[in-house]
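Heads up: the structure comes next, in structure tokens.
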């Protein structure tokens with residue numbers, strides 16, 4: 001079956017620091033990969049996605065590259081802001097699994113001024 | 001603002017009771033899926049409805065059931081509530097089920113507490 005493993009948090013950073021959140025996956029079939037963000041008291045928002053190997057998804061300064069050889073989709077941002085404090089979820093979908101989203105456990109990020 | 005609205009936002013029930021959660025899809029979307037997010041965990045897929053029929057289900061017992069209406073709004077029903085059912089329940093809508101790249105739009109969720 002499909003599964004996603006991401007680094008546990010919390011991750012505490014100072015403003016303007018570099019952020020990396022590791023994500024690896026196992027999948028039956030050829031997955032599409034996603035990063036979602038959840039701000040306090042809110043639902044999930046799609047942050048970025050990649051649909052095939054070597055694709056790079058990017059949005060709001062965040063980037064992630066679909067690495068098929070290492071089954072990874074690590075999230076990075078070069079200079080975080082206090083407003084980036086949230087919980088980040090790595091996820092995947094495969095047609096074989098009916099296009100349902102399979103999520104990792106989430107990584108809480110806290111950015112201090 | 002995703003256009004997906006859920007009600008109520010918070011709910012408190014006791015063990016053994018039944019609960020109904022509601023979701024209004026984004027306009028033009030015919031597919032709704034429900035997820036359970038326990039505290040400190042990632043969301044888990046419960047089931048999906050496409051044009052009023054269930055067309056996918058996760059590893060949840062039959063006491064979790066759903067409906068989708070002709071206007072594509074949806075309900076999640078949980079019978080015989082257990083303490084472990086306490087979670088944030090998220091609804092997501094999309095325009096189709098056939099494409100793994102189709103964007104899902106999530107509501108803000110219903111926080112259910114079972115005492």
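All of the numbers you see were taken from the coordinates with simple rules; none came from a lab. Worth saying up front: this structure is predicted, and the values here are computed from it rather than measured. Quick reminder, even Gly has a Cβ in these numbers, built from the backbone with ideal geometry, and neighbours come from all protein chains shown.
What's the average, rounded to a whole number, of partner chain beta-carbon atoms within 10 Å of each residue's beta-carbon in B:21-34?
Per residue, the average neighbour count from other chains is 0.
Give the shape of the stretch B:15-67 as rounded, prolate or oblate, defined through the alpha-carbon gyration tensor: a ≥ b ≥ c are the square roots of its eigenvalues, a/c under 1.5 means rounded, and otherwise the shape is prolate if a/b is larger than b/c and oblate if not. The shape class here is prolate.
For the residues B:23, A:23, what sequence is obtained by ranking on other C-beta atoms within 10 Å, fewest first?
Working: B:23 27, A:23 24.
The fewest-first ordering by Cβ neighbours comes to A:23, B:23.
Taking other C-beta atoms within 10 angstrom as a stand-in for reagent exposure, A:73, B:45, A:89 fall in the order B:45, A:89, A:73, fewest first.
To the nearest whole number, what is the average tally of beta carbon atoms from other chains within 10 Å of the beta carbons of peptide A:99-109?
Values: counts 14, 14, 10, 5, 7, 2, 3, 5, 1, 1, 0.
Mean partner shielding for this stretch: 6.
Just to verify a number: FRET efficiency for residue B:27 and residue A:82, C-beta to C-beta distance, R0 = 41 Å, to 0.05? The partial results should precede the final answer.
Numbers: r = 34 Å, r/R0 = 0.84.
For R0 = 41 Å, the calculated efficiency reads 0.75.
Mean per-residue shielding of peptide B:39-51 is 4, counting Cβ atoms of other chains within 10 Å of each Cβ.
In this rough spin-label picture, where each label sits 7 Å from Cα along the Cβ direction, the residue A:108-residue B:103 distance is 3.0 nm.
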